[in-house]
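Take a look at the structure set out below.
Just so it is clear, none of the values below were taken in a lab; they were calculated from the coordinates. What you see is a predicted model; the values in this text were computed from it and never measured. Glycine also receives a Cβ, built like all others from the backbone with ideal geometry; neighbour counts cover every protein chain displayed.
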Amino acid sequence: MFNLNIRSAATAVLTVLALSTVTATTQAADSKRDFGTQTCKEVMRLSGSDRDIALAFAHGYVLGKKGTTQYDVDVLARITDQFIDHCLDNPRENAIKVFENLAM
């Protein structure tokens, strides 16, 4: 009986470790994105910090294309709001093209 409990516990631990490894591998594979090919729908489906990072990237990308490091927080917030509204209404459009049209 004692061996059965140890075996069950060991199996449970190994199962948890295996699932953790699969989850970590999946997350690592999902962490690389190409904003240039993403649709508005794909960006809108991101949640939490993933969407924040994508939007920050888009702002940085446009600022870089403009050749500047200066920005106005209110302007960035307005562009973000316009981008989200546009993407919700036009989910199939290319996200970076929409963002550039709004921000350039």
> Suppose every K and R has +1 on its Cβ and every D and E has -1 on its Cβ; what is the size of the dipole of the range 39-104 about the Cα centre, in Debye to the nearest 20?
Replying inline: 220 debye
> Tell me, what ³J(HN,Hα) does each residue in the range 86-93 have, in order and in whole Hz, if you take phi through Karplus 6.51 cos²θ - 1.76 cosθ + 1.60 with θ = phi - 60° and put x for Gly and Pro?
Replying inline: 5, 5, 5, 7, 9, x, 8, 6
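So how much slack lies between Ala56 and Arg78, counting 0.36 nm per residue of separation and subtracting their Cα-Cα distance, in nm? All intermediate terms of the calculation are to be shown ahead of the outcome.
Working: separation 22, 0.36 × 22 = 7.92 nm, distance 1.33 nm.
Between Ala56 and Arg78, full extension yields 6.6 nm more.
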